[in-house]
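Report on the structure given below.
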Amino acid sequence: MNHKVLKTLEYNKIIEKLTSFAATESGKKRCADLKPSYDLPKINSMLTETDDALTRILRHGDLDLSGVYDLHEAMKRLSIGGVLNQTELLHMCSLLTTARRAISYDRNEQSNDFEDSLSELFHGLSSIPELYSEITRCILSETEIADDASPNLKNIRRKMKTVNEKIRTEMSSLIVSASAEGILQDNLVTMRDGRYCLSVKADAKNRLPGMVHDQSGKGSTFFIEPMAIVKLNNELTELELKEAEEIEVILSQLSNLAAEHIDELRSNFKCLTMLDFIFARGMLAKVYNAVKPTFNTKGIINLRHARHPLLNSDHIVPIDVTLGDGFDLLIVTGPNTGGKTVSLKTVGLLTLMGQAGLHIPAGDRSELALFEEVYADIGDEQSIEQNLSTFSSHMTNIVNIEEHANEHSLILFDELCAGTDPTEGAALAIAILTDLKNRGCKLMATTHYAELKVFALSTDRVENACCEFNVETLSPTYRLLVGVPGKSNAFAISGKIGLPSYIIDDAKSRITKDAEAFEDVLTELEERRVALQESQDNAARYEKEIKELKDSLAKKQDDIADRRKRLIEEASLEANRILSEAKEVADQTIRDFNKYASEAPNLAEMEEKRAKVREQMKKSSANIESKAIVTEGIKDPSSLHIGDTVRVHSLNLNGTVHTLPDSKGNLFVQMGIMRSSVNIKDLSLVAEDLSSNKKKKNSYVATGLSKAATISPEINLIGMTVDEALAHLDKYLDDAYMSHLTSVRIVHGKGTGALRNAVHQHLKRCKYVQSYRPGVFGEGDAGVTIAEFK
């Protein structure tokens with residue numbers, strides 16, 4: 001790809017943005033060197049990598065690859081048995097830290113048996129824990145080795161500490177005595193040539209026995225190492241030399257250990273820098289809200305909702321561009337500042353980005369053609385130094401294009417052959433475009449020449465396009481309309497700005513009849529296009545409304561079907577319950593009948609049991625016949641009061657108003673142990689058979705007491721599986737709580753403890769269980785759990 005077009009289409013600015021997302025120097029270099037490719041398999045491979053990186057970024061965030069340093073020189077020295085310094089070893093440790101971070105990042109995908117084009121790079125990483133732990137144990141910083149790096153180093157430093165303490169003690173003593181004699185310049189210990197010294201006045205230097213190491217600039221102070229500590233200083237120097245030798249041994253051992261893993265280290269460096277390059281492309285795609293384009297070798301470009309990536313995304317108007325399918329040359333016309341050049345650059349820049357393996361800022365299913373070269377003649381290339389006018393400079397560029405263009409070229413012309421006589425310029429432009437089209441090139445050109453509009457209308461595989469302009473507001477809409485020739489709108493714009501009408505009329509009279517007729521045709525075409533667009537917009541809006549209505553109807557039908565199914569299920573359960581009760585009464589009656597047939601009947605007992613059966617039948621009949629009177633709809637929120645009984649239609653349950661409706665008509669309704677927020681549109685008032693709130697309360701208490709009388713304070717789960725036991729326990733706890741029992745006894749046995757643990761976990765999650773504990777002696781010990789309700 002020629003370098004001139006990369007600059008013309010501002011591809012270099014995209015690369016600068018891409019480079020800013022790379023974390024490593026090697027990754028930044030890869031980004032900076034990225035150029036469009038003509039190798040389709042390579043392009044598709046890079047696009048897939050970019051797409052997979054973007055997917056991972058959207059799922060788990062960006063991958064932090066900071067801390068990867070260039071280790072090429074260090075690796076070379078390792079390969080020949082060299083010793084690395086502390087900084088290089090710490091950089092190697094930083095590389096391993098980044099590798100560990102990347103491996104952890106990849107585990108998020110591995111948990112789902114996920115594989116993509118980046119998996120191989122992640123699998124090529126190794127944390128090398130033995131090398132990592134050894135470096136971090138021995139090296140604390142670029143200037144400090146840990147005392148525990150080796151036993152010998154620890155011993156040497158312990159001796160150094162002892163010698164230093166002796167030196168400080170001796171020096172403190174000497175300072176006290178010398179200060180008393182007045183021979184010191186100041187009472188401080190200084191270092192000269194790595195030796196501890198005292199600053200002595202020049203006239204008293206012979207009064208302190210020792211070695212002179214230095215003197216001040218004016219000669220008033222001599223720095224003397226007292227004779228009393230010369231031996232200690234010598235011993236300290238020897239220990240420092242031994243320390244340096246031992247540190248060299250430690251670094252050598254660490255370097256040898258690193259050399260054993262040199263292949264893994266090289267693989268880590270290669271994989272991490274490649275991942276940095278790929279994830280930088282993924283981040284660029286995220287920032288530009290870009291998508292993966294589809295490439296073809298048929299020369300077809302089909303961009304949907306394409307956006308120029310360097311323009312402000314808040315104000316840019318997406319464009320739809322097609323080229324190569326039905327026509328090979330697209331001529332774009334329209335007024336200045338209408339977006340013609342931006343459309344041209346958008347097509348060219350997105351082609352370059354796609355062939356570089358980058359996602360493009362466009363809509364899904366956008367398609368690009370594979371081009372060997374992209375040529376662009378855009379902008380004013382006037383050169384005073386080379387004595388070239390605007391026209392000459394453009395023509396120089398066009399000549400170069402003519403020499404090299406072929407059927408695998410995309411060519412972009414902005415204001416082709418402008419800057420010269422319009423008649424000659426238009427004729428020359430038509431000739432150039434015809435020649436390049438006949439070679440099989442794909443072309444896109446902007447112009448103001450009316451002759452080119454006619455050329456597009458009358459020539460095969462050439463199409464007009466325009467950038468839409470609103471004459472009423474004197475502003476472009478920046479929409480690219482393929483198939484419609486554009487107007488310069490010079491007369492309309494001049495009139496709106498305030499040019500006198502007689503001047504405009506005079507100008508109109510000076511254009512030829514053919515030109516006037518052509519402009520009239522364009523005006524009529526534009527009016528028809530606007531009308532057609534309005535009709536299409538209305539049709540699309542109606543289609544959307546119809547779809548929403550269909551979806552709403554389908555949802556309501558589903559809700560009705562669900563409610564019907566739920567009612568049938570509830571009715572079946574109720575019928576089963578009634579049949580079960582009837583069977584139980586019948587069985588008991590038969591048993592009593594057989595009993596009384598074999599022995600003398602107790603009439604009082606028989607009468608008592610018959611009364612019980614009659615009472616039970618009466619109660620069942622009352623439940624069936626006692627129907628609530630439901631009033632339709634609640635239109636006035638003020639008609640609701642706290643404590644009113646209402647019907648929640650969506651849940652098919654009765655409840656009690658717990659709060660008054662808010663401004664949106666939402667309120668809380670208590671339905672048994674469930675408290676739910678509902679809207680008044682989903683409620684109806686219920687007038688029950690009971691005449692007063694007192695009767696309601698008494699009836700509720702009586703029902704609760706009746707329920708409590710039938711609920712056992714104990715449940716036995718022994719012999720059940722965990723799932724069966726938890727299902728029985730859940731229903732039992734609900735019934736016990738509604739029956740106002742204060743505590744219950746749960747028998748689960750000892751066994752392996754699995755059932756007991758499951759019961760305890762269930763009780764822990766149960767909101768109305770206040771506490772639970774294992775049974776004590778006499779209650780069943782560990783085979784029993786006592787649960788207390790709130």
Any idea which residue in the range 137-174 is nearest to the chain's Cα centre (by Cα), counting only those that are under 20 Å from residue 257 (Cβ atoms) and open to solvent by less than 20 Å² (accessible area, probe 1.4 Å)? 139
Residue selected from the range 4-26 under the condition within 22 Å of the chain's Cα centre (by Cα) and small (Gly, Ala, Ser), by the criterion nearest to residue 341 (Cα to Cα): 20
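Please specify each residue of the range 289-314 satisfying the condition of being open to solvent by 40 Å² or more (accessible area, probe 1.4 Å) and touching a Phe, Trp or Tyr at 6+ places or on another chain (Cβ under 9 Å). Working first, answer last.
First, pick out the residues of the range 289-314 that are open to solvent by 40 Å² or more (accessible area, probe 1.4 Å): 289, 292, 294, 297-298, 302, 304-305, 307, 310-314.
307, 313 - these are the residues of the range 289-314 that are open to solvent by 40 Å² or more (accessible area, probe 1.4 Å) and touching a Phe, Trp or Tyr at 6+ places or on another chain (Cβ under 9 Å).
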Could you please let me know if residue 135 is out of contact with any helix residue (DSSP H, G or I) (no Cβ under 6 Å at 6 or more places or on another chain), touching a residue at least 12 places away in the same chain (Cβ under 8 Å) and not in a strand (DSSP E or B)? no
Based on what the data block shows, is residue 120 in a helix (DSSP H, G or I) and either open to solvent by 60 Å² or more (accessible area, probe 1.4 Å) or free of Cβ contacts under 8 Å to residues at least 40 places away in the same chain (or both)? yes
Regarding residue 383, is this residue open to solvent by less than 20 Å² (accessible area, probe 1.4 Å) and at pLDDT below 85? no
Does residue 62 meet the test of being under 24 Å from residue 291 (Cβ atoms), open to solvent by less than 40 Å² (accessible area, probe 1.4 Å), under 24 Å from the mean Cα position of the chain (by Cα) and acidic (Asp, Glu)? no
Within the range 269-288, how many residues turn out to be open to solvent by less than 20 Å² (accessible area, probe 1.4 Å) and within 18 Å of the chain's Cα centre (by Cα)? 9
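Just to be sure, is residue 328 acidic (Asp, Glu), crowded, with 19+ Cβ neighbours inside 10 Å and in contact (Cβ under 8 Å) with a residue 24 or more places away in the chain? Let's see the steps before the verdict.
Numbers: acidic (Asp, Glu): yes; crowded, with 19+ Cβ neighbours inside 10 Å: yes; in contact (Cβ under 8 Å) with a residue 24 or more places away in the chain: yes.
Taking the combined requirement at face value, the residue satisfies it.
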Single condition residue 31 does not satisfy, out of (1) modelled with pLDDT of 95 or more; (2) surrounded by fewer than 17 Cβ atoms within 10 Å (Cβ to Cβ); (3) of a type outside the set (Val, Ile, Thr): (2)
Residue hits (the range 210-237; without any contact (Cβ under 8 Å) to a residue 60 or more places away in the chain, of a type outside the set (Val, Ile, Thr) and surrounded by 14 or more Cβ atoms within 10 Å (Cβ to Cβ)) are 210, 211, 213, 214, 215, 222, 223, 225, 226, 228
Among the residues of the range 754-769, what is the count of those that are outside any helix (DSSP H, G or I) and surrounded by 12 or more Cβ atoms within 10 Å (Cβ to Cβ)? 3
Would you check which residues across the range 392-433 are of a type in the set (Ser, Thr, Tyr), outside any helix (DSSP H, G or I) and either over 17 Å from residue 374 (Cα atoms) or open to solvent by 40 Å² or more (accessible area, probe 1.4 Å) (or both) and list them? 420
Given (1) at pLDDT 80 or above; (2) assigned to a loop (DSSP other than H, G, I, E, B), number of the condition residue 690 does not satisfy: (1)
Give the residue that is farthest from residue 247 (Cα to Cα), with candidates limited to residues of the range 175-188 that are touching a residue at least 12 places away in the same chain (Cβ under 8 Å) and either open to solvent by 70 Å² or more (accessible area, probe 1.4 Å) or part of a helix (DSSP H, G or I) (or both). 181
Hey, residue 107 closer than 30 Å to residue 44 by Cβ, open to solvent by 40 Å² or more (accessible area, probe 1.4 Å) and free of Cβ contacts under 8 Å to residues at least 12 places away in the same chain or not: yes
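Please go through the range 638-669 and pick out each residue that is of a type in the set (Gly, Ala, Ser) and within 13 Å of residue 686 (Cα to Cα).
The first filter runs over the range 638-669 and keeps only residues of a type in the set (Gly, Ala, Ser), leaving 638-639, 643, 650, 655, 663, 665.
Those that are of a type in the set (Gly, Ala, Ser) and within 13 Å of residue 686 (Cα to Cα): 639, 643, 655.
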Restricting the search to the range 20-62, which residues are closer than 20 Å to residue 103 by Cβ and in a helix (DSSP H, G or I)? 26, 27, 49, 52, 53, 55, 56, 57, 59, 60
Conditions first: (1) open to solvent by 80 Å² or more (accessible area, probe 1.4 Å); (2) at pLDDT below 60; (3) farther than 30 Å from residue 763 by Cβ; (4) assigned to a helix (DSSP H, G or I). Residue 709 passes all but one, so which condition is the exception? (3)
Taking only pairs six or more apart or across chains, which ones have beta-carbon atoms under 7 Å, a first residue in the range 44-55 that is farther than 21 Å from residue 105 by Cα and open to solvent by 50 Å² or more (accessible area, probe 1.4 Å), and a second residue that is modelled with pLDDT under 95 and charged (D, E, K, R)? none
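Does the range 192-209 contain any residue that is outside any helix (DSSP H, G or I), in contact with a His (Cβ under 7 Å, 6 or more places away or on another chain) and open to solvent by less than 20 Å² (accessible area, probe 1.4 Å)?
There is at least one residue in the range 192-209 that is outside any helix (DSSP H, G or I), in contact with a His (Cβ under 7 Å, 6 or more places away or on another chain) and open to solvent by less than 20 Å² (accessible area, probe 1.4 Å).
The values are calculated or read from the model by the stated rules, or taken from the named source; none is laboratory data. Since this is a predicted model, take the numbers as computed values, not measurements. Cβ: placed from backbone, ideal geometry, glycine included. Neighbour counts: every protein chain shown. Side chains included, ligands, DNA and RNA excluded: accessible areas come from the protein's heavy atoms. Shrake-Rupley method; radii C 1.70, N 1.55, O 1.52, S 1.80 Å.
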